[in-house]
Amino acid sequence: MYLWFLQLFDIVYREETLQNVIKSVTENYQSLLLTGILAFILIYLFSIIGFLFFSQDFLLESNPYHLLEQAGSLDGCNVEGACVGEDKWPIKREASCETLMMCMVTTLKEGIRNGGGIGDVLRKPSSSDPLFVGRVLFDLLYFFFIIIIVLNLILGVIIDTFAALRSEKQEKEDILNNSCFICGLKRSDFDNKQVTFKDHVGKEHCMWHYLHFFVLLKEKALTELTGPESYVKKLISNELTDWFPRRKAMSLATGEVDTEQNGWQSLQQQLEKTNELVGTLTKQLAYMKESMAEQRKKQQRNRLQTLPQNKLQHMQSVGY
């Protein structure tokens, strides 16, 4: 019964965001592992320094389990150095760096858990201590290298990985929302067209229609298949997608044909208007020629009437 809580992790399987949270730790596990090894090496180095020079400062408060029964009878402190705190728990200050192993465990456990490093749990040094400067440097270097650099490196790797996974998720959503799953045409390709992108995805290239067609080919007997169906089924059996209309759509092709036809009609109308204009100009030129010819004849008649009689006889004799 108590293991039923494991079923709650089904939400991680269903929600992609939670999967990315887990992947942000597991995908770059090598970087996290190497950074953790670096942190362990640095903490081991600080443990050696603390064990050699500052072991007397590792006095930490503890609540010994064997003194719990005496917590009600304690008044002040007993001979073991155990005292009763405000919360009625026995408190005892113990040396936590008597061995290198114990010093390593204390530095690792207490140093990482405290925001200020190992210096928050050690004895507060006095300015008159002979190793006061060394203790200050020890606390500051631990805080700088372990708390600021190493832990932030680990958090940085996790955060960067999660950000990359989130960007990848957004890119996938953008492709699914703004690209046709069947032909790959983008939403912008249908701008100022007769068919909208929504109608194209929902009717012309509906992916569920292709799925139904795929199931039909799978369930239909070979003897009942038509020629195109047999061709498509052969491509599917060979794991080929050549039968998909890649970067093509009948609605866009029809629109392009209509546009081309409209262009030809416009050119034809302009040509007819030009022919009519040329015909009109030809008629005008012919009329002008006739008018000039008649005018020229009239001038010749008038000139002949004004000539003297003898010149007229001479011209008639010579056959003019």
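The values are calculated or read from the model by the stated rules, or taken from the named source; none is laboratory data. No experiment lies behind these values; they were computed from the predicted model shown. These area figures cover heavy atoms from the full protein model, side chains too; ligands, DNA and RNA do not enter into them. Shrake-Rupley method; radii C 1.70, N 1.55, O 1.52, S 1.80 Å.
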Roughly speaking, what is the centre-to-centre gap between region 5-31 and region 281-302 when only Cα atoms are used, to the nearest Å? 100 Å
Roughly how many percent of the accessible protein surface of region 114-205 is carbon and sulfur, given a 1.4 Å probe and a whole-percent answer? 61 percent
Expected vector for region 116-126, Karplus 3J(HN,Hα) from phi with 6.51, -1.76, 1.60 and θ = phi - 60°, integer Hz, x for Gly and Pro, equals x, x, 5, x, 6, 10, 7, 5, 6, x, 9
To one decimal place, what orientation-averaged projected area in nm² is obtained for the convex hull of the Cα set of region 152-292? 19.6 nm²
